[in-house]
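Here's the structure, in structure tokens; my notes come after.
The numbers here are math on the coordinates, done by the rules we state, and not lab data. Worth saying up front: this structure is predicted, and the values here are computed from it rather than measured. We place every Cβ from the backbone using ideal geometry, glycine too, and count neighbours over all the protein chains shown.
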Amino acid sequence: MRLIAVKRLILACLLLPSAAPAAETIGIVTMQEGGASLLRGTSRYALAEGVRLIPGDILELADKAFSQVEFADGTIVALGPQSRFLALSYPPPGARSSGGGELFLLRGWMKLASAPQKGRAIERYGSPLFELNPDGTAVVQVSMPEAAVFMESGEGRLAQLSANGRAGDPVRLKTSQFFTCKQDQRGSLAPRPSQAFLGALPRSFMDTLPARAAKFKERNVAPKRSGDFTYAEVQDWINSVPAVRRAMVSHWHSKLADPAFRSAIVAGLKDHPEWDRLVNPDKYLDSAPANRSGQSQLSGSR
């Protein structure tokens with residue numbers, strides 16, 4: 001019995017993320033109108049101009065709200081009402097020459113102006129239905145089970161995603177072109193946006209995104225904590241595409257100490273199987289990661 005307990009303890013250490021240094025600031029909220037929340041770690045905060053963002057931050061906007069974030073590489077992102085947005089990944093300073101950063105729009109409206117190629121850290125913009133690699137300015141709308149992209153200027157490559165998150169063959173978007181798709185249906189490309197899209201477009205998106213980061217260089221606003229969140233409030237994130245689901249395990253595994261949160265995770269495991277190792281560790285006692293010699297890390301090396 002004692003040996004089993006020790007194995008469980010070691011396994012838990014292997015499964016949980018290791019401690020990491022304080023996260024680097026990757027962007028600044030330079031415009032904020034209306035109510036919006038910042039989900040960081042296991043807490044909810046009120047979003048305000050001047051708040052610095054770090055990798056993994058989630059922004060959730062209320063009705064009639066508008067936010068603008070300017071990232072360290074020069075990328076500018078505006079978010080419209082009821083948007084749900086995640087800074088999924090951002091490469092550390094030493095790796096920025098290779099890009100690799102990704103922003104994710106779960107739903108709502110996003111207008112993006114990509115940074116110059118040289119020094120660009122953010123390369124990809126994800127959603128539940130497609131991935132976009134733009135070089136210019138684009139407007140994205142996600143309203144499940146539909147999504148659309150308008151390439152306002154420049155060009156980009158777009159790959160539609162299947163239900164299991166696999167990317168299909170990329171489509172090239174040129175200035176003024178408009179792409180629409182529905183879940184599990186092949187998308188279509190048009191020379192200009194539809195009247196329905198233009199009619200729903202947030203008014204603030206009709207203007208060029210202004211660069212305002214310099215105004216906040218010496219102004220660091222600490223977000224004010226407004227409470228915790230429940231499973232129901234973040235269920236759409238937990239059940240999103242595979243890359244987002246994995247990120248949520250990393251950010252929110254400590255929420256399993258909350259009985260209500262844990263029960264909801266267990267009840268919905270088929271929609272987020274990434275949590276299984278944490279809620280059912282006994283299933284993985286004999287399948288811990290092997291080291292380079294092929295020996296189980298639980299047995300140790302001699």
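Things to note:
- Fewest-first sequence of Glu233, Glu60 by Cβ atoms within 10 Å of each Cβ: Glu233, Glu60
- Lysine-lysine proximity count for the chain, Cα under 24 Å, sequence distance 8 or more or distinct chains: 18
- Modelled FRET efficiency - R0 22 Å, Arg246 with Ser153, Cβ distances, 0.05 increments: 0.05
- Its alpha carbons give segment 121-214 an Rg and a Dmax of 13.3, 44 Å.
- Label point at Lys64 placed 7 Å out along Cα→Cβ; residues across segment 184-215 whose backbone nitrogen lies under 15 Å: 203-204
- Ordered by the number of other Cβ atoms lying within 10 Å of each residue's own Cβ, fewest first, Phe229, Phe150 fall into the sequence Phe229, Phe150.
- Each of Glu123, Glu33, Glu152 has some number of other Cβ atoms within 10 Å of its Cβ, and from fewest to most they run Glu33, Glu152, Glu123.
- Helical contribution to [θ] at 222 nm, DSSP H n ≥ 4, -39,500 (n - 2.57), averaged over the chain, rounded to 500: -5000 deg cm²/dmol
- When the alpha carbon gyration tensor of segment 144-282 is reduced to an equivalent ellipsoid, the three semi-axes, largest first, read 35, 25, 14 Å.
- Stokes-Einstein, applied to the Kirkwood radius of the chain over Cα pairs at a viscosity of 0.692 mPa s and 37 °C, places its translational diffusion at 158 µm² s⁻¹.
- Of the trypsin sites (Lys or Arg not before Pro) in segment 157-213, the ones in a loop by DSSP (not H, G, I, E or B) with at most 11 other beta carbons within 10 Å are Arg166, Arg186.
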